[in-house]
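Report on the following structure.
The values are calculated or read from the model by the stated rules, or taken from the named source; none is laboratory data. Since this is a predicted model, take the numbers as computed values, not measurements. With ideal geometry, Cβ positions are generated from the backbone for all residues, glycine too; neighbour counts draw on all protein chains shown. Side chains are part of the model used for accessible areas, which takes the heavy atoms of the whole protein and leaves out ligands, DNA and RNA. Shrake-Rupley method; radii C 1.70, N 1.55, O 1.52, S 1.80 Å.
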Amino acid sequence: MLIRNPDDWELPEGDVTPEGIYLRRREILGGMVAAGLLPAPAAAQPAPAPNLKTRQTFVTPGETPTSFDDIAHYNNFYEFGTDKLDPSRNGGGLQTSPWTLKVSGLVKKPQVYDVDQLIRQLPLEERIYRMRCVEAWSMVIPWVGVSLSHIINHVEPLGSARYVAFRTLLDPDQMPGQRGSVLDWPYVEGLRMDEARHPLAMLSVGLYGRTLLPQNGAPVRLVVPWKYGFKSIKSIVEMRFTERQPPTSWNKANPQEYGFYSNVNPDVDHPRWSQGRERRIGEFAKRRTLMFNGYGSAVAPLYAGMDLKRFF
Ligand SMILES: Nc1nc2c(c(=O)[nH]1)N[C@H]1C(S)=C(S)[C@@H](COP(=O)(O)O)O[C@H]1N2
Ligand SMILES: [Mo]
(Lines give C-alpha, C1' and ligand atoms only; values in the text may rest on other atoms or scores of the structure.)
(Ligands and ions follow the chains in the order given, each with its own letter.)
Protein backbone atom coordinates (compact mmCIF):
# COMPACT_ATOMS: atom_id res chain seq x y z
CA MET A 1 0.00 0.00 0.00
CA LEU A 2 2.13 2.87 1.21
CA ILE A 3 5.58 2.00 -0.04
CA ARG A 4 8.55 3.64 1.56
CA ASN A 5 11.35 5.10 -0.55
CA PRO A 6 14.60 5.57 1.36
CA ASP A 7 15.81 9.13 0.93
CA ASP A 8 19.34 10.44 0.33
CA TRP A 9 19.42 12.53 3.43
CA GLU A 10 18.73 9.75 5.90
CA LEU A 11 21.53 9.38 8.37
CA PRO A 12 23.21 6.01 8.67
CA GLU A 13 22.30 5.51 12.34
CA GLY A 14 19.62 3.08 11.24
CA ASP A 15 17.73 1.33 13.96
CA VAL A 16 18.54 3.36 17.03
CA THR A 17 15.51 3.10 19.29
CA PRO A 18 14.18 6.19 21.01
CA GLU A 19 14.44 4.40 24.34
CA GLY A 20 18.17 3.93 23.85
CA ILE A 21 18.79 7.55 23.07
CA TYR A 22 16.67 9.14 25.75
CA LEU A 23 17.72 6.79 28.49
CA ARG A 24 21.35 7.46 27.64
CA ARG A 25 20.70 11.18 27.51
CA ARG A 26 19.07 11.13 30.93
CA GLU A 27 22.06 9.22 32.29
CA ILE A 28 24.48 11.76 30.86
CA LEU A 29 22.49 14.76 32.13
CA GLY A 30 22.03 13.03 35.47
CA GLY A 31 25.78 12.54 35.69
CA MET A 32 26.35 16.24 35.04
CA VAL A 33 23.85 17.18 37.76
CA ALA A 34 25.60 14.82 40.20
CA ALA A 35 28.96 16.38 39.31
CA GLY A 36 27.56 19.85 40.04
CA LEU A 37 27.85 20.96 36.40
CA LEU A 38 24.12 21.45 35.96
CA PRO A 39 21.41 22.51 38.40
CA ALA A 40 18.85 19.82 39.19
CA PRO A 41 15.77 20.43 37.01
CA ALA A 42 12.68 21.52 38.95
CA ALA A 43 10.17 18.64 38.86
CA ALA A 44 10.83 17.95 35.16
CA GLN A 45 8.76 14.99 34.10
CA PRO A 46 10.48 12.37 31.96
CA ALA A 47 8.85 11.36 28.69
CA PRO A 48 6.35 8.54 29.20
CA ALA A 49 7.23 5.11 27.80
CA PRO A 50 7.14 4.95 24.00
CA ASN A 51 4.22 3.10 22.36
CA LEU A 52 5.23 3.55 18.70
CA LYS A 53 7.85 1.57 16.84
CA THR A 54 10.12 3.80 14.80
CA ARG A 55 13.41 3.94 13.02
CA GLN A 56 15.43 7.06 13.55
CA THR A 57 16.16 8.60 10.17
CA PHE A 58 17.03 12.22 10.82
CA VAL A 59 18.74 14.17 13.55
CA THR A 60 19.64 17.86 13.51
CA PRO A 61 23.36 17.93 14.30
CA GLY A 62 24.34 19.70 17.52
CA GLU A 63 20.81 19.77 18.95
CA THR A 64 19.39 18.00 22.01
CA PRO A 65 15.61 17.57 22.24
CA THR A 66 13.69 19.97 24.46
CA SER A 67 12.24 18.20 27.53
CA PHE A 68 8.98 16.32 27.07
CA ASP A 69 7.57 18.43 29.87
CA ASP A 70 8.20 21.70 27.99
CA ILE A 71 6.98 20.29 24.68
CA ALA A 72 3.74 19.22 26.40
CA HIS A 73 3.13 22.42 28.41
CA TYR A 74 4.27 25.35 26.27
CA ASN A 75 1.89 25.30 23.32
CA ASN A 76 0.09 27.39 20.77
CA PHE A 77 -3.26 25.82 19.88
CA TYR A 78 -5.80 28.62 19.92
CA GLU A 79 -8.72 26.18 19.65
CA PHE A 80 -8.00 25.55 23.35
CA GLY A 81 -7.16 29.12 24.42
CA THR A 82 -4.39 31.65 23.83
CA ASP A 83 -2.27 31.11 26.97
CA LYS A 84 0.70 28.74 26.52
CA LEU A 85 -0.73 26.48 29.27
CA ASP A 86 -4.30 26.47 27.92
CA PRO A 87 -3.87 23.64 25.38
CA SER A 88 -2.56 21.23 28.06
CA ARG A 89 -5.30 22.35 30.47
CA ASN A 90 -8.23 22.33 28.01
CA GLY A 91 -7.25 19.73 25.41
CA GLY A 92 -8.31 16.67 27.41
CA GLY A 93 -11.80 16.55 25.88
CA LEU A 94 -10.56 16.14 22.32
CA GLN A 95 -11.81 12.80 21.00
CA THR A 96 -8.84 11.70 18.88
CA SER A 97 -10.04 8.16 18.06
CA PRO A 98 -11.74 7.31 15.79
CA TRP A 99 -10.51 10.12 13.53
CA THR A 100 -10.79 10.41 9.79
CA LEU A 101 -8.44 12.29 7.51
CA LYS A 102 -10.04 13.11 4.19
CA VAL A 103 -7.81 13.71 1.18
CA SER A 104 -9.70 15.34 -1.65
CA GLY A 105 -9.60 17.81 -4.52
CA LEU A 106 -7.41 17.45 -7.61
CA VAL A 107 -6.30 13.82 -7.12
CA LYS A 108 -6.88 10.58 -8.98
CA LYS A 109 -7.56 8.54 -5.84
CA PRO A 110 -9.30 10.53 -3.11
CA GLN A 111 -9.15 8.82 0.28
CA VAL A 112 -10.79 8.84 3.67
CA TYR A 113 -8.15 7.42 5.99
CA ASP A 114 -8.83 6.01 9.41
CA VAL A 115 -5.96 7.56 11.35
CA ASP A 116 -5.57 4.67 13.85
CA GLN A 117 -5.08 2.40 10.85
CA LEU A 118 -2.63 4.84 9.24
CA ILE A 119 -0.58 4.89 12.44
CA ARG A 120 -0.38 1.09 12.37
CA GLN A 121 0.45 0.86 8.66
CA LEU A 122 2.81 3.73 7.97
CA PRO A 123 6.57 3.06 8.15
CA LEU A 124 7.05 5.49 11.04
CA GLU A 125 10.32 7.36 11.40
CA GLU A 126 11.72 9.50 14.16
CA ARG A 127 13.11 12.84 13.04
CA ILE A 128 14.57 15.39 15.41
CA TYR A 129 13.74 18.85 14.06
CA ARG A 130 14.39 22.36 15.28
CA MET A 131 11.07 24.29 15.38
CA ARG A 132 10.87 28.11 15.43
CA CYS A 133 7.72 29.99 16.43
CA VAL A 134 6.98 33.38 14.87
CA GLU A 135 6.97 34.70 18.47
CA ALA A 136 10.77 34.23 18.59
CA TRP A 137 11.00 31.09 20.74
CA SER A 138 12.11 27.67 19.59
CA MET A 139 12.26 24.02 20.59
CA VAL A 140 13.86 20.81 19.34
CA ILE A 141 11.28 18.06 18.91
CA PRO A 142 11.76 14.33 18.24
CA TRP A 143 8.78 13.87 15.93
CA VAL A 144 7.35 10.54 14.82
CA GLY A 145 5.73 10.34 11.40
CA VAL A 146 6.44 10.07 7.71
CA SER A 147 7.17 12.41 4.85
CA LEU A 148 3.97 14.06 3.72
CA SER A 149 4.96 12.84 0.23
CA HIS A 150 3.96 9.27 1.25
CA ILE A 151 0.34 10.36 1.41
CA ILE A 152 0.63 12.64 -1.62
CA ASN A 153 1.99 9.79 -3.77
CA HIS A 154 -0.75 7.47 -2.56
CA VAL A 155 -3.59 9.73 -3.76
CA GLU A 156 -1.90 10.57 -7.10
CA PRO A 157 -2.40 14.32 -7.59
CA LEU A 158 -3.50 15.54 -11.02
CA GLY A 159 -1.14 17.72 -13.05
CA SER A 160 -3.37 20.71 -12.29
CA ALA A 161 -2.77 20.43 -8.50
CA ARG A 162 -0.42 23.26 -7.47
CA TYR A 163 -1.18 23.66 -3.75
CA VAL A 164 -2.31 21.61 -0.77
CA ALA A 165 -4.84 23.14 1.65
CA PHE A 166 -5.10 21.79 5.21
CA ARG A 167 -8.01 22.15 7.64
CA THR A 168 -8.28 21.54 11.41
CA LEU A 169 -11.35 20.03 13.09
CA LEU A 170 -14.23 22.47 13.68
CA ASP A 171 -16.09 21.47 16.85
CA PRO A 172 -16.66 24.12 19.54
CA ASP A 173 -17.97 21.40 21.90
CA GLN A 174 -14.53 19.80 21.97
CA MET A 175 -12.51 22.92 21.24
CA PRO A 176 -13.66 25.65 23.66
CA GLY A 177 -11.48 28.33 22.01
CA GLN A 178 -13.70 28.06 18.92
CA ARG A 179 -16.59 29.56 20.94
CA GLY A 180 -14.69 32.87 20.71
CA SER A 181 -13.48 34.61 17.57
CA VAL A 182 -9.75 35.14 18.14
CA LEU A 183 -9.29 33.48 14.69
CA ASP A 184 -11.73 32.66 11.89
CA TRP A 185 -12.45 28.93 12.47
CA PRO A 186 -11.61 26.31 11.35
CA TYR A 187 -7.84 26.90 11.33
CA VAL A 188 -6.54 26.49 7.79
CA GLU A 189 -3.07 26.33 6.26
CA GLY A 190 -1.48 25.67 2.89
CA LEU A 191 1.70 24.70 1.11
CA ARG A 192 2.82 24.96 -2.48
CA MET A 193 2.98 21.48 -4.04
CA ASP A 194 6.79 21.36 -4.23
CA GLU A 195 7.02 22.40 -0.56
CA ALA A 196 4.51 19.72 0.41
CA ARG A 197 6.49 17.10 -1.53
CA HIS A 198 9.83 18.09 0.01
CA PRO A 199 11.18 15.13 2.02
CA LEU A 200 11.58 17.28 5.18
CA ALA A 201 7.83 18.12 5.24
CA MET A 202 6.30 15.66 7.64
CA LEU A 203 2.92 14.32 8.63
CA SER A 204 3.40 13.66 12.34
CA VAL A 205 1.45 11.26 14.55
CA GLY A 206 3.73 11.27 17.59
CA LEU A 207 6.70 12.66 19.49
CA TYR A 208 9.20 11.18 21.95
CA GLY A 209 8.12 7.76 20.63
CA ARG A 210 4.50 8.21 21.73
CA THR A 211 1.26 9.12 19.97
CA LEU A 212 0.62 12.86 20.07
CA LEU A 213 -1.07 14.52 23.03
CA PRO A 214 -4.05 16.76 22.16
CA GLN A 215 -2.03 19.92 22.88
CA ASN A 216 0.55 18.90 20.26
CA GLY A 217 -2.05 18.30 17.54
CA ALA A 218 -3.35 14.75 18.03
CA PRO A 219 -3.92 12.56 16.23
CA VAL A 220 -2.26 13.93 13.09
CA ARG A 221 -0.53 17.22 12.29
CA LEU A 222 1.77 18.83 9.79
CA VAL A 223 5.43 19.59 10.59
CA VAL A 224 7.33 22.04 8.35
CA PRO A 225 10.61 22.76 10.14
CA TRP A 226 11.89 25.54 7.85
CA LYS A 227 8.74 27.65 8.35
CA TYR A 228 7.36 29.50 11.38
CA GLY A 229 5.45 27.21 13.74
CA PHE A 230 1.98 28.37 12.71
CA LYS A 231 2.35 26.63 9.32
CA SER A 232 2.49 23.31 11.22
CA ILE A 233 -1.28 22.90 11.49
CA LYS A 234 -2.64 20.58 14.20
CA SER A 235 -5.46 18.01 14.43
CA ILE A 236 -6.03 17.87 10.67
CA VAL A 237 -9.30 16.52 9.23
CA GLU A 238 -8.80 17.40 5.57
CA MET A 239 -6.10 17.88 2.95
CA ARG A 240 -7.36 19.27 -0.33
CA PHE A 241 -5.35 19.61 -3.56
CA THR A 242 -6.08 22.86 -5.39
CA GLU A 243 -5.04 24.89 -8.37
CA ARG A 244 -5.12 28.23 -6.53
CA GLN A 245 -3.17 29.32 -3.48
CA PRO A 246 -5.40 28.50 -0.48
CA PRO A 247 -6.22 30.94 2.33
CA THR A 248 -4.27 30.57 5.58
CA SER A 249 -5.54 31.51 9.05
CA TRP A 250 -2.84 33.95 10.14
CA ASN A 251 -2.69 35.65 6.75
CA LYS A 252 -6.47 36.15 6.91
CA ALA A 253 -6.17 37.52 10.46
CA ASN A 254 -3.39 39.98 9.60
CA PRO A 255 -1.99 40.00 6.05
CA GLN A 256 0.54 42.77 6.87
CA GLU A 257 2.20 40.56 9.47
CA TYR A 258 1.81 37.00 8.16
CA GLY A 259 2.38 36.00 4.56
CA PHE A 260 1.62 32.74 2.77
CA TYR A 261 5.23 31.50 2.76
CA SER A 262 6.28 32.29 6.35
CA ASN A 263 9.75 30.85 5.89
CA VAL A 264 11.99 31.37 8.91
CA ASN A 265 14.08 34.37 7.84
CA PRO A 266 16.23 36.41 10.24
CA ASP A 267 16.53 39.15 7.56
CA VAL A 268 12.79 39.87 7.33
CA ASP A 269 11.55 41.24 10.63
CA HIS A 270 7.98 40.93 11.81
CA PRO A 271 6.54 44.50 11.72
CA ARG A 272 6.42 44.51 15.54
CA TRP A 273 9.62 42.62 16.49
CA SER A 274 12.95 41.34 15.24
CA GLN A 275 13.20 37.84 13.81
CA GLY A 276 17.00 37.88 14.16
CA ARG A 277 17.12 36.07 17.52
CA GLU A 278 15.14 33.50 19.43
CA ARG A 279 14.88 31.98 22.88
CA ARG A 280 15.26 28.24 22.96
CA ILE A 281 12.77 26.99 25.57
CA GLY A 282 14.84 25.79 28.55
CA GLU A 283 17.70 28.24 27.91
CA PHE A 284 18.36 31.83 29.02
CA ALA A 285 20.72 33.42 26.50
CA LYS A 286 19.15 34.11 23.12
CA ARG A 287 20.40 32.38 20.00
CA ARG A 288 20.78 33.73 16.51
CA THR A 289 17.95 32.61 14.20
CA LEU A 290 19.19 30.71 11.16
CA MET A 291 17.96 31.24 7.58
CA PHE A 292 15.26 28.63 6.83
CA ASN A 293 15.71 27.62 10.49
CA GLY A 294 19.04 25.99 9.54
CA TYR A 295 17.60 23.76 6.81
CA GLY A 296 18.61 26.02 3.91
CA SER A 297 20.92 23.52 2.24
CA ALA A 298 17.87 21.26 1.83
CA VAL A 299 15.11 23.77 1.07
CA ALA A 300 16.64 26.97 -0.39
CA PRO A 301 16.34 25.60 -3.97
CA LEU A 302 12.53 25.69 -3.58
CA TYR A 303 12.75 29.49 -3.50
CA ALA A 304 15.50 30.13 -6.06
CA GLY A 305 14.90 33.46 -7.80
CA MET A 306 12.09 34.54 -5.43
CA ASP A 307 12.24 37.85 -3.58
CA LEU A 308 11.76 36.59 -0.01
CA LYS A 309 11.07 40.12 1.31
CA ARG A 310 8.07 40.35 -1.00
CA PHE A 311 6.99 36.68 -0.64
CA PHE A 312 7.37 36.60 3.15
N1 LIG B 1 -5.01 24.15 14.49
C2 LIG B 1 -3.98 24.87 14.97
N3 LIG B 1 -2.72 24.53 14.62
C4 LIG B 1 -1.67 25.24 15.10
C5 LIG B 1 -1.87 26.36 15.94
C6 LIG B 1 -3.21 26.70 16.30
O7 LIG B 1 -3.49 27.65 17.05
N8 LIG B 1 -4.23 25.91 15.81
N9 LIG B 1 -0.78 27.09 16.41
C10 LIG B 1 0.45 27.03 15.58
C11 LIG B 1 1.59 27.66 16.20
S12 LIG B 1 1.58 29.36 16.23
C13 LIG B 1 2.69 26.95 16.65
S14 LIG B 1 4.08 27.74 17.21
C15 LIG B 1 2.68 25.47 16.66
C16 LIG B 1 3.04 24.95 18.05
O17 LIG B 1 3.13 23.54 18.06
P18 LIG B 1 3.48 22.77 19.44
O19 LIG B 1 2.58 23.33 20.50
O20 LIG B 1 3.24 21.32 19.18
O21 LIG B 1 4.93 23.07 19.75
O22 LIG B 1 1.42 24.93 16.28
C23 LIG B 1 0.79 25.58 15.18
N24 LIG B 1 -0.39 24.86 14.76
MO1 LIG C 1 3.83 29.99 16.55
The stretch 120-163: GluC sites (Glu not before Pro) falling in loop per DSSP and having at most 13 other Cβ within 10 Å = none
What percentage of the solvent-accessible surface of the chain, computed with a 1.4 Å probe over protein heavy atoms, is contributed by carbon and sulfur atoms?
-> 53 percent
Can you pull the accessible area of Met291 for me, 1.4 Å probe, Å² to the nearest 10?
-> 70 Å²
Regression test value, accessible area per residue of the stretch 215-265, probe 1.4 Å, units Å², expected 29 Å²
Find the percent of Cα-Cα distances in the chain that exceed 35 Å, and round it to a whole number.
-> 16 percent
Set Lys and Arg Cβ to +1 and Asp and Glu Cβ to -1, take the dipole of the stretch 45-303 about its Cα centre, and tell me which of Leu212, Leu302, Trp273 lies farthest positive.
-> Leu302
Counting only heavy atoms of protein chains, what accessible area per residue, in Å², does the stretch 108-167 have with a probe of 1.4 Å?
-> 34 Å²
Sort out for me the Cα centre separation of the stretch 41-94 from the stretch 173-251, rounded to whole Å.
-> 16 Å
Assuming a viscosity of 0.692 mPa s and a temperature of 37 °C, what translational diffusion coefficient in µm² per second does Stokes-Einstein assign to the stretch 156-305, Rh being the Kirkwood radius over Cα pairs?
-> 196 µm²/s
Where is the GNM fluctuation largest for the chain (alpha-carbon springs, 10 angstrom cutoff): Val182, Val103, Val134?
-> Val182
